[in-house]
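Computed from the coordinates by the stated procedures, all read-outs in this text should not be read as laboratory data. All of these numbers come straight from a predicted model, not from anything done at the bench. Cβ atoms come from the backbone with ideal geometry, glycine included; neighbour counts cover every protein chain shown.
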Amino acid sequence: ITAQLTAPAQPGDLAAALRLHDSASHAVTSEIPVTVRTLIPTGPTGGAFTSTLTGGNGRAGAAPTSTFAFDVDDGIDNMSLTLGVSDSGYSLVGYLIDPNGMALSTASNLDPAGNAQLAIQLFRANPQPGRWRFVLSELVSSGKQTSIPVTGRIGFNTASVTASGLPTDR
C-alpha cells in the first residue's frame, strides 16, 4: 500500500487514517490510523512556531494534547522553549522530551500560588543532538472560546553566566 498525505503547513500533527474498502461492497473493512507531523524549523539560534489549541466544551478530563517536534544540532550548550497563550484561563502543562523518549523538563503555566500565567518556559542544559518533542497538554480551558492561538519560541545558546574575579581556564 502506498499513501500520499499532505503535511500541515504549521508545525504540529495531523490525524488521518487509511481506510481499506471491500472491492465488491465498497464497505470499509479496516482502518489504519496515521499521524503526519510537521517539524518546527530551527536554525543556529532556534526557531519559532504558532499553533491553535482547541477545546472549551466544558467536559472534565478531556485534556487534549498537541505534540511538536524539532531537531537539535550537535554543539548546543543550552536550550529554552517558551509557549505563550493569550487567555490565562487555560491551565497548561508542557513536557520537553529528548530523542530517547525521556521527559527531561516539565512546566505548567500556573505559578506557585496556583494562578494561571500567560506562558510556559522550559529549559535544558547541554541537550542531546537529535529529534526532540514538546508535548503540550491542555488541562482546563477557560470556556470563552473553542480555539485559541499560541506562539512558541525555541532558543539555542541564549543563556550565559559570567562572574568577575574567577579564573578563566578550564
If each K or R counts +1 and each D or E counts -1, the residues other than S105 whose Cβ falls under 13 Å of its Cβ total +1
Rounded to the nearest 5, the percent of DSSP beta bridges in the chain running antiparallel is 100 percent
Bounding extents of the stretch 16-108 in its principal axis frame from Cα atoms, largest first in Å, are 59, 39, 23
Computed about the Cα centre, the charge dipole of the chain from +1 Lys/Arg and -1 Asp/Glu charges at the Cβ has a magnitude in debye, to the nearest 20, of 240 debye
For the chain, one quarter of the surface area of the C-alpha convex hull, expressed in nm², comes to 14.8 nm²
Per the stretch 60-131, sqrt(5λ) over the Cα gyration tensor eigenvalues, sorted largest first, in Å, gives 25, 14, 10
